[in-house]
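What follows is calculated from the coordinates using simple rules that are stated; it is not laboratory data. Here the structure is a predicted model, which means the values were calculated and not measured. Here the Cβ positions follow ideal geometry from the backbone for every residue, glycine too, while neighbour counts run over all protein chains shown.
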Amino acid sequence: MKKIKNKRHFAVGLVAAVVAVACLVAGVSTEQSMRYYVAFFLALVYAVVNFYSSFTKRGLLEEIQANADERDKYLIMKTSQMSIKLLNYLLLAAVLVSLILYTAFRSSICLMVAITLCAELVVLFVLVLCVNNYYENHG
Amino acid sequence: MKTKVKELRTAAKMTQQQLADLVRVSSRTIISIEKEQYSPSLMLAYRIAEVFGVTVEDLCCLKENKELEDRQYEED
C-alpha cells in the first residue's frame, strides 16, 4: 500500500467520499433525485482528486516539517506555550468582563457569554492536562 | 549559552551558511548560536565540534557556563 504523503488531503477525500455516499443514498430515496445525483458526482470527483493528491504530493505541513531544523521546532514549541498562556489570560479577562457587564446590566446574553467562555477555559485546561500526560508517558 | 562557534568559524575562514550546510541546519540557527540566543542540542554541538576538530566541552565552554549557572543558582 502506498504511503499517505498529505494527511489533510486524505482526510478531505474521506469526508468528500462520505458526502458522496450520503448524496447517493438521498438521491435514491427521494423524488427530487437529480440534484442529489449531481452532488454525488461532484463530491465523488472531489474525493478522487483529493485521494490522488494525498498519495502523490507532499502537503505544505509535511514539507515544513521535513525542512524544519531543531531551532525551528524549538521556536514552534515556545510559540505554542506562549499562545496557550495568552489565550488563557484573554479568556479569563473576557469571563470577568462579561460577569461585570451582567451584574451592571442584568443582560442574559452577558451571562451566556461568560458561561460559554468558562466552558472553553475548562476544555482548554483538560486538553492541556491530557496532552501533557501523554507526553509525560510517551516522551 | 556562551560558545566558541564564532571564534572557530572565523579562524577557519568559513561563512555561517557554509557551516550550516556542513552540520545540516539553517544559517539562522548558526546565527542564533553565535548571538547566544539559542543553545545547540548535544548532537548539533557534536557535529560542530567535529567540523572544527575540538571537543564539545571546548566548543560549548561547558566549564565556564557551569560556573555561571552555579553562581546564578546560589544568587537565587
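Observations, loosely collected:
- With both labels modelled 7 Å from their Cα along Cα-to-Cβ, the B:Gln18 to A:Leu121 distance reads 5.7 nm.
- Label-point separation, B:Leu62 to A:Leu111 (7 Å along Cα→Cβ), nm: 6.4
- Least to most buried among B:Ser26, A:Ser33, A:Ser83 (fewest other Cβ within 10 Å first): A:Ser83, A:Ser33, B:Ser26
- Segment A:32-139: proportion of alpha-carbon pairs further apart than 19 angstrom, %: 71
- Global size of chain B as Cα Rg and Dmax, reported in angstrom: 12.8, 41
- Cross-link pairs A:Lys85/B:Lys6; A:Lys7/A:Lys78; A:Lys7/B:Lys2; A:Lys5/B:Lys13 - those with Cα-Cα distance over 30 Å: A:Lys85/B:Lys6; A:Lys7/B:Lys2; A:Lys5/B:Lys13
- Mean shadow area of the protein assembly as shown over all directions, Cα convex hull, nm²: 22.6
- Neighbour net charge for A:Arg8 - beta-carbon separation under 13 angstrom, K R +1, D E -1: +2
- Only Lys, Arg, Asp and Glu carry charge here, each on its Cβ (+1 for the first two, -1 for the last two); on that basis the protein assembly as shown has a dipole of about 1000 debye about its Cα centre.
- Computed on chain A, with alpha-carbon pairs under 8 angstrom and 6+ residues apart, the relative contact order is 21 percent.
- For segment A:53-139, a simple Cβ point-charge model (Lys and Arg +1, Asp and Glu -1, everything else neutral) yields a dipole of about 240 debye relative to the Cα centre.
- The ranking of A:Leu124, A:Leu90 by Cβ neighbour count inside 10 Å, starting from the fewest, reads A:Leu90, A:Leu124.
- Each residue of segment B:57-73 was assigned a 3J(HN,Hα) from its phi angle through the Karplus curve 6.51 cos²θ - 1.76 cosθ + 1.60 (θ = phi - 60°); the sequence is 4, 6, 4, 8, 6, 4, 5, 4, 5, 5, 4, 5, 4, 4, 5, 5, 5 Hz, with glycine and proline shown as x.
- At least 15 Å along the helix axis (C-alpha) and Kyte average at least 0.5, DSSP helices within chain A: A:7-29, A:33-56, A:70-105, A:108-138
- Measuring between their Cα centroids, segment A:1-65 and segment A:90-106 lie 44 Å from each other.
- Extension gain, A:Val18 back to A:Asp69 (0.36 nm per residue minus Cα-Cα distance, nm): 14.6 nm
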